[in-house]
Amino acid sequence: MDLQNISFENLPQAVAFLIRELAEIKHIVSKEEVVIAPKKIPIGIDEVASLIGKAKPTIYTLVRERKIPCYKNGKKLYFFEEEILNWISKGKKKTLQEITEECEADFKKNRRRQHN
């Protein structure tokens, strides 16, 4: 379709052409999944302290004891928020129900071994 010479007579064809083009664009856009990877931006000790609710000296102690994931470039410490959050989640305490379920499962397992 020649988009330069649109007249009143060929207006229905022009509209139909635009509708087809729009449908094709929608199809292309819906087909492509855009995955945006989270940026790994380093944060400083102040941000870590506020993120985990600890004082800066406590953070320095955790770094010295190698208990918290960090990076050191020169004299400056760097952290990644995702790594800090993963570190926090690894320290989950089991609930009483989880402990009870584990004990019962171990008890049943050991009981089967004794009877065999």
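The values are calculated or read from the model by the stated rules, or taken from the named source; none is laboratory data. Just so you know, these numbers come straight off a predicted model, no measurement behind them. All Cβ positions, even for glycine, are placed from backbone atoms using ideal geometry, and neighbour counts span all protein chains on display.
Numbers at a glance
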| item | result |
| --- | --- |
| From Ile68, Ile88, residue being of a type in the set (A, V, I, L, M), in a helix (DSSP H, G or I) and either under 24 Å from the mean Cα position of the chain (by Cα) or surrounded by 10 or more Cβ atoms within 10 Å (Cβ to Cβ) (or both) | Ile88 |
| Qualifying positions in the stretch 71-85 - surrounded by 13 or more Cβ atoms within 10 Å (Cβ to Cβ) and in contact (Cβ under 8 Å) with a residue 24 or more places away in the chain | Leu77, Tyr78, Phe79, Phe80, Glu81, Ile84 |
| Selection status of Glu33, of a type in the set (Asp, Glu) and at pLDDT 90 or above | no |
| Which numbered condition Lys39 misses (of (1) out of contact with any Lys or Arg (no Cβ under 9 Å at 6 or more places or on another chain); (2) outside any loop (DSSP other than H, G, I, E, B)) | (2) |
| Residue match in the stretch 98-116 (condition: outside any loop (DSSP other than H, G, I, E, B), of a type outside the set (Gly, Ala, Ser) and touching a residue at least 40 places away in the same chain (Cβ under 8 Å)) | no |
| Residues (loosely packed, with under 10 Cβ neighbours inside 10 Å and among the basic types (Lys, Arg)) located in the stretch 91-107 | Lys92, Lys93 |
